[in-house]
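Have a look at the structure below, then the notes.
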Amino acid sequence: ISAKGGGTLVIPKGVFLSGSIFLKPRVNLHLDEGAVIKGSLDRKDYPKMITRIEGQFVEWLPALINADKVDGLRITGSGTFDGNGVPFWEEFWARRKTNPATTNLDVERPRLALIQNSKDVKISGITFKDSGFWNLHIYRCKGVVIENLRFEVKDGLRAPSSDGIDIDSSQNVTIRACTFRVDDDAIALKGTKGPFAMADKNSPPVENIRVIDCTFERGHGVLTLGSEGTIIRNVVIERAKVVGPIVLMRLKLRPDTPQLYEKIHYRDITVDSTGALIEVRPWRQFFDLKGQPPPNSIVRNISMTNVKGSYGSFGEIQGNPKQTTISDIKLENIDVQLKTEGLKAIDVKDLRLKNVKVNGKPFTL
C-alpha cells in the first residue's frame, strides 16, 4: 500500500491474533466495530530492537502497533487493541516477589502502541485493553490529536505500568473525550532522567499539551509529570471528571534530575472518590546521581481552579530539600468535601488561596 501511494488498512469484525505490526508511511489503520487485534503471548512475535523506553534507548520489545516517521497517520474506528496482558502481569509480580529489586526492564512486556517521530497524527475511537506495559506511547511527535479512546484493564487485577497515554518529548498534543481505567498513571508527561538529562538531545521539552473533557475511573494519577521528565510546560487539563481514587495533580520530582515544571493548570474539575487533590513531592525510584552533585529543580506557575465535589484529602506540596524551588502556586474557586482537610506545604513561595472551601468552611493554611 505504501509503495503505491498509501491507503487504509481496514480490519473487519473478528479477533485477529498478532505480533508486532509496523505501519509504513501513508498507511492508515481502521478497525471496524467488533474488530480486535489481540497481542500474541509469545515474545518471539515482538522482535527485539532498540526502542525508546523510560527515557532511554535500550534493546527491548516493540509495541503491538508501531509507527515511525509517519506524518499524517490516522488510526480510527471502534474496534479494540487487546494486549492480552494478564500472563505478562503475573510474570512481573512473580519475579518481583522473588526479587523485590526487579524493574520493568527486567520483565519485557509489549506496549499496545508506539508512535514516534511524526507530525499531524490522529487517533480516535479505539479501545486499548489489557496492555502488557504502557498503552499508547507518543515519542517525539508534533501536532497529535487523541480523542474518544478508552483505556482499560481488568478490575481486581494489578497491571504494572499500564499507563494510559505517555506523552514523551512531544509538543502540541490534544487529548479529548477519553476514558481511563488503568492501574498506573492515566496520562503521564515524560522525558528523560539523570544528572545529564538537560543535555539529552533525544529528549526535547514536553510543551503545549491540552487535556479536555476526559473521564478518569481508575489509576494512580490523572495527569502526572514524570517520573522521567526534564522540561514540561504549557499544560492545561480542563473539564475533567474524576470518579476513581486517583491523585489529581501529580508532580514527581527526581532528586537525581534537573527539572523545570511550569505553566501547569488544572481547571474545571469534578471529583467524586477518595484520592488526593495534590501530590507534589520527591520521587526516588531508581535514584542514580552517577557521581554528580544533586541538581536543582524548579516548579512554578501552577494552578488549580474551579474544582468541586467529594474526595479523600487535599494532599501535599514539597520538593527535594535544598534542591527544589517551588513558587507561584494558585488554588482558586475550590469547594470540596474532604475526609482529610489539611494541606501539607513545605518551602513553597507565593502559595495563594482564593475562595477555597473545605467541608463547607473557608480553608486557610
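The values are calculated or read from the model by the stated rules, or taken from the named source; none is laboratory data. Keep in mind that this is a model prediction, so the values were computed, not measured. Counting neighbours? That spans all protein chains shown, and the Cβs are built from the backbone with ideal geometry, glycine included. In case anyone asks, the SASA skips ligands and DNA or RNA and just uses the protein heavy atoms, side chains included. Shrake-Rupley method; radii C 1.70, N 1.55, O 1.52, S 1.80 Å.
Within the stretch 37-65, if we keep just the residues that are in a strand (DSSP E or B) and closer than 18 Å to residue 190 by Cα, the residue that is most open to solvent (accessible area, probe 1.4 Å) turns out to be 57. Would you check if residue 314 is free of Cβ contacts under 8 Å to residues at least 60 places away in the same chain and not in a strand (DSSP E or B)? So residue 314 fails the test.
Only one of the listed residues (193, 154) is touching a Ser or Thr at 6+ places or on another chain (Cβ under 9 Å), part of a loop (DSSP other than H, G, I, E, B) and open to solvent by 10 Å² or more (accessible area, probe 1.4 Å). That residue is 193. Inspect all residues belonging to the stretch 286-304 and state whether any of them is closer than 25 Å to residue 234 by Cα, in contact with a Lys or Arg (Cβ under 7 Å, 6 or more places away or on another chain) and open to solvent by less than 20 Å² (accessible area, probe 1.4 Å). Yes, the stretch 286-304 contains a residue that is closer than 25 Å to residue 234 by Cα, in contact with a Lys or Arg (Cβ under 7 Å, 6 or more places away or on another chain) and open to solvent by less than 20 Å² (accessible area, probe 1.4 Å).
In the stretch 103-138, the qualifying residues are those that are among the aliphatic types (A, V, I, L, M) and assigned to a loop (DSSP other than H, G, I, E, B), and the one that is nearest to the chain's Cα centre (by Cα) is 112.
Within the stretch 77-90, being surrounded by 14 or more Cβ atoms within 10 Å (Cβ to Cβ) and either touching a strand residue (DSSP E or B) at 6+ places or on another chain (Cβ under 8 Å) or farther than 26 Å from residue 190 by Cα (or both) holds for 77, 78, 79, 80, 81, 82, 83, 84, 85.
Residue by residue, here is whether (1) buried (at least 24 other Cβ atoms within 10 Å of the Cβ); (2) of a type in the set (Ser, Thr, Tyr); (3) more than 16 Å from the chain's Cα centre (by Cα) holds:
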site: 212; (1), (2), (3): no, no, no
site: 217; (1), (2), (3): no, no, no
site: 221; (1), (2), (3): yes, no, no
site: 224; (1), (2), (3): yes, yes, no
site: 241; (1), (2), (3): no, no, yes
site: 246; (1), (2), (3): yes, no, no
site: 254; (1), (2), (3): yes, no, yes
site: 262; (1), (2), (3): no, no, yes
site: 270; (1), (2), (3): no, yes, yes
